1. If we scan segment 435-448, do we find a residue that is hydroxyl-bearing (S, T, Y), over 30 Å from P546 (Cβ atoms) and touching a strand residue (DSSP E or B) at 6+ places or on another chain (Cβ under 8 Å)?
2. So which residues in segment 292-327 are in a loop (DSSP other than H, G, I, E, B), charged (D, E, K, R) and surrounded by fewer than 14 Cβ atoms within 10 Å (Cβ to Cβ), if there are any at all?
3. Within segment 61-74, can one find any residue that is surrounded by 13 or more Cβ atoms within 10 Å (Cβ to Cβ), at pLDDT below 90 and under 18 Å from T167 (Cβ atoms)?
4. What are the residue pairs meeting all of these: first residue in segment 526-540, first residue farther than 16 Å from Q427 by Cα, second residue open to solvent by less than 10 Å² (accessible area, probe 1.4 Å) and charged (D, E, K, R), Cβ atoms under 8 Å, and 6 or more apart or on different chains?
5. What tally of residues in segment 259-286 results from selecting those that are assigned to a strand (DSSP E or B) and more than 22 Å from C242 (Cα to Cα)?
6. Suppose the filter is loosely packed, with under 14 Cβ neighbours inside 10 Å, at pLDDT 90 or above and of a type in the set (K, R); does K334 pass it?
7. Quickly run through segment 469-488 and pick out the residues that are open to solvent by less than 10 Å² (accessible area, probe 1.4 Å), of a type in the set (A, V, I, L, M) and in contact (Cβ under 8 Å) with a residue 60 or more places away in the chain.
8. Buried (at least 16 other Cβ atoms within 10 Å of the Cβ), at pLDDT 90 or above, of a type in the set (D, E, K, R) and in a helix (DSSP H, G or I) - does that describe any residue in segment 361-368?
Amino acid sequence: MTSSFISYLSRNEKEAGRETFKSYVDNPDEDENDEEIKKRASSFFQNDLNPHLLPGEKTVTEADSVLCFVPFTEKKQGISGKLFITNFKLTFLTGDRSSYDQQNRRQRNKLIDDGDIPLTNIESIYQVVSGGKRKKLLPNTTVSTLTKYLEIHCKDFRTHVFGFKFTPKDQIKKITNAVIHYAFPSKSWLLYAYEYAKNLQPTGNGTVSNTPLYSNADDWERELNRCGCTKWNVCDVNRGYCVSQSMPERFVLPMNLMSYDELMKAASQFNENRLPAWCYTHTNGASLVRMAEMYAESELADYVGNLKTAIQLADVNKGYPVEMDLTKLCPSLKDVQASYERLKELIFIDSGKDFAVQDISWFSSLEGTKWLTCVSQCLKVACDAAKHLENHTVIIKEPDSRHYCCLISSLVQILLDRHFRTRLGFQSLIQREWVAMGYPFQREGCLVQDSSKSNTEYIPLFLLFLDCVWQLTQQYPSGFAFSETYLVTLWDSVHMGIFETFLFDCCHQRSRYHIDARWQQRLFLPSTWDWNVQFSDDDQSFFNNPLYVMKTNPDVNEALNKAKYLQSSLRSKIPTQELYSYELQNLEGSNLCIDGTKSLKGYRLTPLTGAACMKLWTQCYLRWQTPAQIIGGGNPSQYLQQCVMVEEILCLLHKIEALKKNSAKSANSLARTRSDLVFSMALDTPRTTELLANTYLSSSFPFSSVQRLSREEKSVFTPISLFLEHSTIDYDYSNDDD
């Protein structure tokens with residue numbers, strides 16, 4: 001190994017190597033033979049490097065002596081290893097066993113390792129040749145020049161840089177062309193998901209983890225009944241996708257609408273034959289309807305008029321529907337694309353010098369992207385639609401009703417109905433309004449490169465929706481059952497490329513995939529909503545919002561209310577018991593949340609929608625930018641403190657109940673209330689204790705790993721276990737009754 005090669009190794013690898021050789025020098029053994037030396041070396045370095053392969057996954061090519069650079073080190077620190085290309089992912093493996101220590105990275109995906117990049121997650125590839133010339137590698141191209149550096153920009157805003165200074169030349173060309181070919185397939189059946197599905201079995205009938213898939217009439221009927229909707233019914237006019245291939249076979253139309261022939265004639269007047277479809281019915285009987293753009297006036301206009309009349313009659317108020325043209329109210333798709341490109345330019349940097357220059361004008365540069373303006377506009381339109389819906393039926397329309405109709409209808413329902421602020425409700429909302437109603441995830445996500453279309457730019461409309469939801473969680477911190485970690489993880493799952501939820505453009509395409517004559521068998525893929533496929537219960541605990549648990553857990557809520565009343569009684573002449581009874585009656589009538597909002601089903605969230613009120617979703621966009629991380633702080637620090645607070649309350653309540661029993665035997669048999677938050681997971685997984693003690697906190701937690709630290713450096717980081725140091729929680733839950 002030459003000295004120039006050592007300079008490319010990371011500081012941690014060199015330190016670990018020095019420790020290994022120092023141990024050998026300090027304890028020399030003259031009789032030690034070559035076999036012993038090799039044995040000692042193999043304990044630190046692994047020679048047989050092979051990637052972990054999923055069912056149907058095959059290695060395409062590999063390259064030796066590749067350098068994987070540490071971000072923001074100006075390509076002066078990195079690790080040497082092998083780079084593999086499979087039909088599913090690009091993966092980097094190193095012989096340094098210490099590099100596989102994942103204790104500093106809290107979230108562990110069962111399907112991919114930290115060094116794996118799913119090919120469907122790759123957004124763009126850049127080649128740097130000798131001399132520093134950098135160019136973007138386009139789909140369906142072949143590279144003949146030698147690559148010095150290969151930059152991979154991912155849809156999760158992470159940048160990977162690989163160097164090939166010591167790699168054989170023939171391997172460099174093979175690996176570069178393989179990345180282009182497999183990252184940008186030209187046909188959908190070339191996606192790895194097809195190979196993966198051949199080895200899987202069906203996961204259920206219509207539901208996954210209790211999330212309805214809206215593949216049958218029962219799911220639609222249950223949602224109608226939940227909304228108390230009596231003027232609409234489920235129809236199968238699109239059975240076999242005979243009316244519209246971009247709509248589901250079953251959807252909801254006004255009751256006693258018109259005959260099948262009349263519906264067919266009316267459908268012919270809408271873009272892609274997409275009939276107006278029901279989205280939601282408010283508690284006042286008014287409904288939210290999505291509608292595609294109509295063609296020019298013709299002799300069949302009467303049928304369209306009858307359809308609109310039926311929608312009006314389905315409103316118990318019988319008022320004339322309010323029509324909202326989303327093409328005029330929302331930013332254009334081109335504006336969203338342009339804003340997204342500017343945001344990427346701001347985020348996709350891996351140089352410390354560039355970061356320092358950018359930091360000087362960060363806020364003005366962020367404002368110049370117009371991304372937060374797009375978020376602000378969408379939230380404002382959704383708030384206006386929700387306000388109209390309190391008095392009239394609202395029809396939202398756009399050319400194909402497959403883009404902004406998905407986004408706005410989802411936001412409106414979140415604003416009006418707290419059911420959609422739970423994980424189950426939120427997942428069912430996405431499944432119904434986005435997946436079932438035909439948002440083109442495959443096309444807009446550029447999973448397949450269609451050479452017949454000139455515009456193949458990525459349209460991040462689903463990201464825009466998740467950003468809007470995140471803004472709501474910031475303004476109503478106790479109003480949502482899920483955390484921002486859940487939203488970021490959901491965004492990452494969109495690009496895994498093996499979940500049927502976000503893999504297709506419509507139900508028709510999905511049905512053709514399920515029964516494909518190419519392999520003469522029925523194929524199945526897992527749903528994103530089956531989170532156990534990706535994460536353990538321990539990792540899923542970070543999806544839950546502790547403030548929501550405090551609001552909805554009866555024991556915790558009652559304890560907090562009693563504490564408030566007791567505190568108020570100290571400042572009042574009203575007797576404590578009388579004050580408590582009076583306030584309890586008022587509480588039952590108003591049902592106030594921690595953030596001061598009513599939690600009644602019909603209450604409408606009224607967020608601030610001005611652009612100045614919008615924040616940058618740092619956990620999603622900046623989690624991989626090391627200089628931007630807050631050591632030991634940020635939102636994750638607040639989150640963990642809130643988790644500790646909930647556990648302390650539950651612990652104290654448990655001890656109070658045990659004291660009431662006034663019996664050790666009864667106390668030992670008393671079960672403690674579970675919060676399903678991170679610290680409660682130690683009840684079932686004792687290994688969590690060790691993980692918490694070795695996991696260090698930054699503002700990018702639990703995604704971005706903190707690099708292995710020296711003893712001096714660890715002092716400035718915060719192990720998660722320290723959050724419990726001064727709490728009343730018994731860390732040894734086996735002695736919880738002491």
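1. Looking for residues that are hydroxyl-bearing (S, T, Y), over 30 Å from P546 (Cβ atoms) and touching a strand residue (DSSP E or B) at 6+ places or on another chain (Cβ under 8 Å), one finds none in segment 435-448, hence no.
2. We begin by selecting, within segment 292-327, every residue in a loop (DSSP other than H, G, I, E, B); these are 293, 295-300, 314-321.
If we keep only those that are charged (D, E, K, R) too, we end up with 293, 297, 299, 315, 318.
Once the filter is applied, which keeps residues that are in a loop (DSSP other than H, G, I, E, B), charged (D, E, K, R) and surrounded by fewer than 14 Cβ atoms within 10 Å (Cβ to Cβ), segment 292-327 yields E297, E299, K318.
3. no
4. So the pair list comes out as D539/R106.
5. The first filter runs over segment 259-286 and keeps only residues assigned to a strand (DSSP E or B), leaving 270, 277-281.
Those left that are additionally more than 22 Å from C242 (Cα to Cα): 280-281.
So the answer is 2.
6. Values: loosely packed, with under 14 Cβ neighbours inside 10 Å: yes; at pLDDT 90 or above: yes; of a type in the set (K, R): yes.
Answer is yes for this residue.
7. L472, L487, V488
8. No, segment 361-368 contains no residue that is buried (at least 16 other Cβ atoms within 10 Å of the Cβ), at pLDDT 90 or above, of a type in the set (D, E, K, R) and in a helix (DSSP H, G or I).
The values are calculated or read from the model by the stated rules, or taken from the named source; none is laboratory data. Worth saying up front: this structure is predicted, and the values here are computed from it rather than measured. In this analysis, Cβ positions are derived from the backbone assuming ideal geometry, glycine residues included, and neighbour counts consider all displayed protein chains. Heads up: the accessible areas ignore ligands, DNA and RNA and are worked out on the full protein's heavy atoms, side chains in. Shrake-Rupley method; radii C 1.70, N 1.55, O 1.52, S 1.80 Å.
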